[in-house]
């Protein structure tokens, strides 16, 4: 059984119901509580959180550990309660990405990561020190894109 | 906006199950204690605002196609 969703960006998309994430408290400041996590292109490290309630709302996200070797999430006791007992490797971590023309200008929000566990998602305020709201995404890793290469700095 | 004057140790109720207590007042700083159901998420306003803006910006900036990226050093 697949689910058909409408997306302004991607058109009509068939998704696996397993990719649907319920955000009981929404994403901070945005409307809606149901999103599908879409992997549109296996060649990019980016996924999309597509709102199931607003076809025009989709946010690119990525796994921060691929880009930031020192990245950690620390949550408040209250957020730990929301997430449920025995937090561990069962939690998938994503951060939102603000895209730009140049790779150097891509930034990721390390301050408010999105934690997903058993189909439920929560955007939390990261209590770990030094987590930037707009961390340059390609500052640490070296990547190749479309045949050209780009490095830090 | 409703304005209420409270002393240290006094509380206000928001509905039946949210309690805000003035714990300490020192100069320009007020320390509040909040008792609320787990379903109610509490943020400092400035952090909530900056994350909201960043979420909106991420959704808007995404009209640009995202690049295909391969990590150097990753297995071929």
Listed with the fewest Cβ neighbours within 10 Å leading, A:35, B:43, A:122 appear as B:43, A:122, A:35
Just tell me how shielded A:95-102 is by partners: mean number of partner chain Cβ atoms within 10 Å of each residue's Cβ, no decimals. 5
Helix B:45-61: angle to the longest alpha-carbon principal axis of chain B, degrees 0 to 90, nearest 10? 20
Let me confirm one metric for peptide A:122-132, namely the mean number of other chain beta-carbon atoms within 10 Å of its residues' beta-carbons. 1
Where does the protein assembly as shown land at 222 nm, in deg cm²/dmol rounded to the nearest 500, when only DSSP H runs of n ≥ 4 count, each adding -39500 (n - 2.57), divided by all residues? -3500 deg cm²/dmol
Is chain A best put as rounded, prolate or oblate by its Cα gyration tensor, with a ≥ b ≥ c the root eigenvalues, rounded for a/c under 1.5, and otherwise prolate when a/b is larger than b/c, oblate when not? oblate
From fewest to most C-beta neighbours within 10 Å, the residues A:71, B:71, A:106 line up as B:71, A:71, A:106
Gain in length, residue B:68 to residue B:11, computed as 0.36 nm per residue apart minus the alpha-carbon separation, to one decimal in nm? 15.0 nm
Inter-chain shielding of B:47-54 (mean C-beta neighbours from other protein chains, 10 Å cut-off): 6
Would you mind ranking B:52, A:111, B:72, B:7 so that the residue whose beta carbon has the fewest other beta carbons within 10 Å leads the list? B:7, B:72, B:52, A:111
Cα gyration tensor, chain B - rounded (a/c under 1.5), prolate or oblate: prolate
Between residue A:139 and residue A:78, what's the calculated FRET efficiency when r is the beta-carbon distance and R0 is 35 Å? Round to 0.05. 0.65
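Where a number appears in this text, it was derived from the coordinates with a stated rule and is not lab data. This one's a predicted model, so the numbers in the text were calculated from it and none came from an experiment. Heads up, the Cβs are rebuilt from the backbone with ideal geometry, glycines too, and the neighbour counts pull from every protein chain shown.
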